[in-house]
1. In the range B:28-128, how does Rg compare with the Kirkwood Rh, expressed as the Rg/Rh ratio over alpha carbon atoms?
2. How high is the relative contact order of chain A? Use alpha-carbon pairs under 8 Å, at least six apart in sequence, and give a whole percent.
3. Mind scanning B:LYS95/B:LYS142; A:LYS32/A:LYS145; A:LYS32/B:LYS269 and naming the pairs with a C-alpha gap bigger than 23 Å?
4. Starting at the first residue of the range A:71-82, write each ³J(HN,Hα) from the Karplus equation 6.51 cos²θ - 1.76 cosθ + 1.60 with θ = phi - 60°, in whole Hz, x for Gly and Pro.
5. Can you work out D for the range A:153-212 in µm² s⁻¹ from Stokes-Einstein, where Rh is the Kirkwood radius over C-alpha pairs, the temperature is 20 °C and the viscosity is 1.002 mPa s?
6. Order these by the 10 Å Cβ neighbour count, fewest first: B:MET98, A:MET135.
7. So what does log10 I(q)/I(0) come out to for chain A at q = 0.10 Å⁻¹, using the Debye formula with one equal point on every Cα and no solvent?
8. How big is the Cα convex hull of the range A:140-249 in projection, averaged over all directions, in nm²?
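Bear in mind these aren't lab numbers, they're just calculated from the coordinates by the rules spelled out. Just so you know, these numbers come straight off a predicted model, no measurement behind them. Quick reminder, even Gly has a Cβ in these numbers, built from the backbone with ideal geometry, and neighbours come from all protein chains shown.
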Amino acid sequence: MKVLVAVKRVVDFNVKVRVKPDQTGVETANVKMSMNPFDEIAVEEGIRLKEAGTAEELIAVSIGTSQSQETIRTALAMGADRGILVETDVAVEPLGIAKVLKAIIEKESPDVVIVGKQAIDDDSNQTAQMLAALMGWPQGTFVSKLSFEDGKARATREVDGGLETVLLDMPAVISVDLRLNEPRYASLPNIMKAKKKQIDTMTPDELGVDVAPRLNTLKVVEPPPRAAGVMVADVAELVDKLKNEAKVI
Amino acid sequence: MSVLVFAEHDNAELKSATLNAVTAAAQLGEVTVVVAGSGCGAVAEAAAKVSGVAKVLLADNEAYAHDLAENTAPLVVGLAGDYSHLVAPATTTGKNLMPRVAALLDVAQISDISAVESDDTFVRPIYAGNAMATVQSTDSVKVITVRTTSFEPAEAEGGSASVEEIAAAEAGGNSIFVGEELTESERPELTSAKIVISGGRGMQSGENFEMLDKVADTLGAAVGASRAAVDAGYVPNDYQVGQTGKVVAPDLYIAVGISGAIQHLAGMKDSKVIVAINKDEEAPIFQVADYGLCADLFDAVPALSAELDK
């Protein structure tokens, strides 16, 4: 089986982002960048499929500026076999990402595509579903358990009411949720080895994909701040405040 | 402008998230609700009574019983020609379906909107709600999911829409529903409860959540959790409040033993009143709390129970 994972370079999850004074976006200059945490889980799952003998090859794709190469290197250091960078300075929306991935799939013919359920920058949660639509493939979204049997994918999904399990024909698109696995750290020897692994670079134009945004961002602002609260001395004072000041119980 | 709202339901009952989506949709134009399911006639009747709904479309077919997006997306795409906007609540069902619909229509999808500025301009949170983006769609059809906590629910009674049965679209057939394990609870739904009490890593075990259950039962509250508590296996995944879990905005949110990572704050900071109980006075949760109590939760929560029972 051949597995393709998509990885996105995002502001590190520990960074408290700041809105730019001109309201065009958030400050990303001199800010720590990392692989989207959900994509790390996708990469880890691909590696485990290889280790289990279920998958033979794991390809990591990233779409973004030349710096996204670092994110691909991280995936390679974790255990992916080779990388593909689709280089563009456009902030590509999920629909454009899905179209680029479709073009890659047509070249590479993977049996399963695994992606994070959402990126922690734009919080869209769309790419897997859009890619599945464009390919006419089934989708297993928000997956916390994944196995393959008799040429089908069995995916347990985290849904609002609990868990749901679906059986998908292959090829399929999977989007992963937090509980699927715990991603490994790349070891130093593997980081060194990853430097020799192959990364092919191409552009959306070369793939014949239009990635022009469909949404104009008119402004980005900070959410209204919460008014400062007070500390209470004990439970009795807390209950009194809730009853008589806030009037919520 | 005419708006199609995809109803959230379990084939028996219309879920309240639909009511919030109807409110957002009504700001855009005349609202039609589509109910896709199996044996879901009662849901369509309920949707027809919702205030502000002009028409209900009922697609009753076995293929729609479990909301498989492979089956429901072609149905919605088939209806799309008559509408300027396609709207669903940003539940796991809506999030699973609407991007698939949008891609089939070759349009963007606008996730989790918190306000409608005009018929093509919407506000949505990004970066875990640490920034609010105003975005304008250039597409002919707007495909939208709605942050339910940002819109008041429409009145469940008072409307008298007609119900029209529509034919099923061709089912995808490439995915099969196998089964589900739903968390049984007599308590209110987390996303629509007036009071929520959540526990974090500080709870130390699943058994200790019984202390929160007791308070919840006294207050008529729902019980939630931080990611740390879910990852540790104290409670099921559907308890998770946060950026990638559920977003809640109750009148009262009580955070117990939760440090307050930005990913958790993203899911609860729009609550009207926030109470934090934590023994670490430096915990970031106190920065968003209206009332902070620096105390050991194993003393404070039983004391809270006792005080409320007085």
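1. Rg divided by Rh gives 0.96.
2. Contact order relative to length: 23 percent.
3. A:LYS32/A:LYS145; A:LYS32/B:LYS269
4. So the Karplus estimates, Gly and Pro as x, are 5, 5, 4, 4, 5, 5, 5, 5, x, 5, 7, 8 Hz.
5. Once the numbers are plugged in, D ends up at 133 µm²/s.
6. Placing the least packed residue first, the sequence is A:MET135, B:MET98.
7. Debye intensities relative to I(0), on a log10 scale: -0.55.
8. That works out to 16.4 nm².
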